[in-house]
Amino acid sequence: NSETFWTTTGMFPQEFIIGFPKCVKISKVAIQCYLVRTLRIERSISKDPVGFEQCVEKDLQHTEGQLQTEEFPLPELQATYLRFIIKSAFDHFVSVHRVMAEGT
């Protein structure tokens, strides 16, 4: 829903986990967020959200007054869970508005 979002509580790092019904192959992840400085994406192929390993970490560009849109190509990445860790921000609070994963 484009009218909802997740917001941090003011300290970093902050994280959220997205789970899939089974292990899937992901080719790309895209995120729309606001005021995120450093983002790390990790994956787990376990049945439970444990044993995460880092996929990518990136410093995002500051876009004052508008959403940041970032795409992360992750060719043939298998995952049951994706963990998004917001390591730092441009302000005390940030928001995540959309996460999209493409694959099979």
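Name the residues in the stretch 35-53 that are touching a residue at least 12 places away in the same chain (Cβ under 8 Å), assigned to a loop (DSSP other than H, G, I, E, B) and of a type in the set (A, V, I, L, M), would you?
Leu35, Ile45
State whether the residues of the stretch 49-62 include one that is open to solvent by 50 Å² or more (accessible area, probe 1.4 Å) and of a type in the set (A, V, I, L, M).
Yes: the stretch 49-62 contains one or more residues that are open to solvent by 50 Å² or more (accessible area, probe 1.4 Å) and of a type in the set (A, V, I, L, M).
Among Glu57, Glu42, Glu15, which is of a type in the set (D, E, K, R) and in contact with a Cys (Cβ under 9 Å, 6 or more places away or on another chain)?
The conditions single out Glu42.
The values are calculated or read from the model by the stated rules, or taken from the named source; none is laboratory data. In this text, all values refer to a predicted model and were calculated from it rather than measured experimentally. Neighbour counts are summed over all protein chains in view; Cβ atoms, including those assigned to glycine, are modelled from backbone coordinates with ideal geometry. In case anyone asks, the SASA skips ligands and DNA or RNA and just uses the protein heavy atoms, side chains included. Shrake-Rupley method; radii C 1.70, N 1.55, O 1.52, S 1.80 Å.
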